[in-house]
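Every read-out reported here was derived from the displayed coordinates using simple, explicitly stated rules and does not represent laboratory data. Keep in mind that this is a model prediction, so the values were computed, not measured. A quick note on method: Cβ atoms are made from the backbone with ideal geometry, for glycine too, and the neighbour counts reach across all protein chains shown.
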Amino acid sequence: MNAAVKAQTLPILDFREFDGGPAQRSAFLEKLRVAARDTGFFYLVGHGIEQEFLDQLFALSRRFFDLPEAEKTAVEMINSPHFRGYTRIGWEHTRGQRDWREQLDVGAERERLTPKAGDPAWVRLQGPNQWPQALPELRPAILRWQREATDLAIRLVRAFSAALGQDEGVFEPIYAEKPNQLVKIIRYPGRDATESEQGVGAHKDSSFVTILAQHEQSGLQVEGPQAGIDGGWIDAPPLRGSFIINVGELLEMASNGYLRATMHRVTTPPAGTDRLSIAFFLGARLDSVVPVLTLSPELAAEAKGVAQDPQNPLFLEVGKNYLKGRLRSHPDVARRHYADQLTQEELAKPAGPGSAY
């Protein structure tokens with residue numbers, strides 16, 4: 001490892017407590033607040049999504065990645081101005097380096113928009129997905145996961161709102177009707193320890209929340225409170241029956257840094273093995289602007305402000321912020337479909353630091 005991993009663990013929260021009696025609910029919101037502030041990550045159990053369905057989805061993911069290369073590249077992301085489809089190993093970038101993973105990106109099934117003169121570039125992001133013809137069973141399974149994960153993510157956003165002392169529906173105006181939904185099914189192939197260990201480099205997610213289902217192989221690491229002092233990376237191994245939940249940049253901006261969008265990474269598994277995961281990201285509508293909440297004096301005093309990274313500026317305009325991350329993560333797609341949004345320097349070089357959302 002290139003940084004020490006501390007003997008720390010992420011907290012485990014039971015979502016059934018959120019719907020319990022007043023005392024149980026209050027205790028849950030306090031645990032949620034602490035988890036979101038300390039690490040921005042936690043395990044969630046009691047989420048209501050069937051493990052049998054998740055097992056089936058992992059089996060279908062395995063079948064997709066086992067398809068011949070020609071079947072997978074037939075739905076390659078470079079064909080899509082909406083950043084949907086298959087990405088080959090090493091073709092996505094995080095922090096200027098290639099990520100050692102292959103994946104399929106699926107967004108909301110919506111018809112393609114025809115931009116009009118003066119429309120912002122992010123209008124091009126809406127459009128259909130690409131589906132592998134050789135595995136028709138994958139489409140209904142992924143869309144079911146998208147629906148169920150969306151419902152869970154919205155419940156989590158409402159819980160975070162309550163934990164901040166806000167009305168549970170405070171964010172509803174910016175996700176109602178057309179939230180930004182993204183599913184990734186991901187495979188990290190193993191490789192020798194003498195090679196780079198970057199499965200996906202350290203990054204933050206630009207969503208409200210991320211819901212991650214892990215299969216059997218470990219690899220996810222979360223930046224802990226002591227990062228930069230002694231390494232501070234926390235291992236987050238698979239825990240059957242649970243999801244990993246993390247706070248995204250939308251909630252960090254809305255809470256002025258009270259909630260923390262945390263850097264995290266995935267290390268490459270050993271040679272001869274691989275790692276499967278299924279991620280869901282709930283974002284706001286692309287045409288919306290993130291509201292900055294008025295917190296109570298007690299909470300406002302503990303807000304640390306939004307993290308400032310000159311190489312990855314954050315924008316309250318949701319579409320602008322989301323498109324920025326996509327352009328940096330997929331430079332091949334950016335060059336083909338968004339050359340008008342790139343500088344000459346960006347056209348000549350791989351993507352630099354940014355969100356791997």
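Considering only Q198, Q97, Q344, the Gaussian network model of the chain with Cα springs below 10 Å gives its largest mean-square fluctuation to Q344. In a simple Cβ point-charge model (Lys, Arg +1; Asp, Glu -1; nothing else charged), the chain has a dipole of about 500 debye relative to its Cα centre. Build a GNM of the chain with springs between Cα atoms under 10 Å apart, and of E345, E148, E30 the one that fluctuates most is E345. Measuring r between the beta carbons of T9 and A117 and using R0 = 45 Å, the FRET efficiency lands at 0.25. Database remark: amide H of E76 closer than 5 angstrom to the amide H of Y86 (H placed geometrically; neighbours at sequence offset of 5 or more, or on other chains; Pro and chain starts carry no H). Candidates P115, F83, L125 compared by Cα position along the dipole of the stretch 50-139: farthest toward the positive end lies P115, with charges placed on Cβ. In the stretch 28-169, one over the average inverse separation of all distinct C-alpha pairs is 18.0 Å, which is the Kirkwood hydrodynamic radius.
For the chain, the 222 nm mean residue ellipticity estimated from helices alone, with every DSSP H stretch of n ≥ 4 adding -39500 (n - 2.57) and the total spread over all residues, rounds to -8500 deg cm²/dmol. Structure remark: mean-square fluctuation, Gaussian network model of the chain, C-alpha springs under 10 Å; the largest value among E317, E17, E298 belongs to E298.
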